[in-house]
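Participant: Pasting in a structure now, in structure tokens, and then I'll have a few things to ask.
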Amino acid sequence: MKKAVLILFTLFVTMTQAQEQKQIPQVSVSGEGKIKVKPDQVEINFGVENLGKDAKEVKKLNDENVDKVVKFIKKFGIASTDFQTTNVSLNRNYDYDKKKYNYQASQSICILLKDITKYDELMMGLVDNGINNISHVEFKSSKIEEHKAEARKAAMRDAKKKAEDYVSVLGQKVGKALLITDNQVNYFPPQPMYKAAMAEMADAGASQETLAVGEIEVNANVSVSFILE
């Protein structure tokens, strides 16, 4: 009796494993979605730097310049939540040519300008009030999450279209999705193209345009496995 039970149990396990190992006909593809949008914001990273022989004097001069810059930013109408200090430093450097030490004081500030049309006006004011270094400019969109969602949808449509292309010659149809893998969503802001150096900006009229805005590119990539019907 025990032997018969053992045989039945073995048969049951074998059949169960065979059913589990039965492969479902499917097709696996990747899809890409690409959305291009015009930015409506710009993030500007800039700074104030001063050199001198005495650390206290250099630091004091730099603080005075930064104070003027911050007051201008507030007067320009930038909200306190849209700008902040990102770095403050005071370094002692050795001048090998002159065989003596000097000090460099610097402070970096980041601004998120939500009205991109005011870029030139803002930059002219910053230069007039003492900034002497622009380290980075990045274009952004206030609706970037919406654009990412659209890129994902476009990637899914692309994946389904690819799957339909593959199976159309087989006389089959694309069924439900078994597995969706979100590989990545990236966005690539355009690199700013300056038409004038900072020294020239200080002497230029406010009507001069110094920035080429371009477009932000949002890319999404997915991998999808569909059932074949």
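The values are calculated or read from the model by the stated rules, or taken from the named source; none is laboratory data. It should be emphasised that the depicted structure is a prediction, and the values quoted were computed from it without experimental measurement. Positions of Cβ are backbone-derived with ideal geometry, glycine not excepted, and every protein chain shown enters the neighbour counts. Accessible surface is based on the protein model in full, side chains and every heavy atom, while ligands, DNA and RNA are left aside. Shrake-Rupley method; radii C 1.70, N 1.55, O 1.52, S 1.80 Å.
Participant: Which residue is modelled with the lowest pLDDT, if the candidates are limited to region 58-95 and must be part of a strand (DSSP E or B), open to solvent by 40 Å² or more (accessible area, probe 1.4 Å) and among the hydroxyl-bearing types (Ser, Thr, Tyr)?
Facilitator: For region 58-95, the residue satisfying everything is Tyr94.
Participant: What pairs can you find where one residue is in region 64-77 and farther than 19 Å from Ser106 by Cβ, the other is exposed (fewer than 13 other Cβ atoms within 10 Å of the Cβ) and modelled with pLDDT of 95 or more, and their Cβ atoms are less than 6 Å apart, with a gap of 6+ or different chains?
Facilitator: From region 64-77, no pairs qualify.
Participant: Still on this structure, I have one more. Here are some conditions: (1) touching a residue at least 24 places away in the same chain (Cβ under 8 Å); (2) within 26 Å of the chain's Cα centre (by Cα); (3) open to solvent by less than 70 Å² (accessible area, probe 1.4 Å). Ala55 meets all but one. Which one does it not meet?
Facilitator: Here Ala55 clears every test but (2).
Participant: Same structure, new question: Could you check Gln23 against (1) without any contact (Cβ under 8 Å) to a residue 24 or more places away in the chain; (2) open to solvent by less than 90 Å² (accessible area, probe 1.4 Å) and say which number it fails?
Facilitator: Single failed check for Gln23: (2).
Participant: Would you confirm whether or not region 96-105 contains a residue that is open to solvent by 40 Å² or more (accessible area, probe 1.4 Å), over 16 Å from Val137 (Cα atoms), not in a strand (DSSP E or B) and not basic (Lys, Arg)?
Facilitator: Within region 96-105, one or more residues are open to solvent by 40 Å² or more (accessible area, probe 1.4 Å), over 16 Å from Val137 (Cα atoms), not in a strand (DSSP E or B) and not basic (Lys, Arg).
Participant: Moving on. Which residue pairs have Cβ atoms under 6 Å apart, sit 6 or more places apart or on different chains, and have a first residue in region 108-130 that is at positive phi and a second that is open to solvent by less than 30 Å² (accessible area, probe 1.4 Å)?
Facilitator: Pairs that qualify, where the first residue is at positive phi and the partner is open to solvent by less than 30 Å² (accessible area, probe 1.4 Å), are Gly130/Val48; Gly130/Val69.
Participant: Please report, ordered by residue number, the strands (runs of 3 or more DSSP E) entirely within region 117-229 with at least 1 residues that are modelled with pLDDT under 90 and of a type in the set (Phe, Trp, Tyr). I'd like the intermediate steps shown before the answer.
Facilitator: Values: elements: 133-140, 174-188, 216-228.
Per the criteria, 174-188.
Participant: Continuing with the same structure: Would you check if Gly47 is small (Gly, Ala, Ser) and open to solvent by less than 40 Å² (accessible area, probe 1.4 Å)?
Facilitator: In short, yes.
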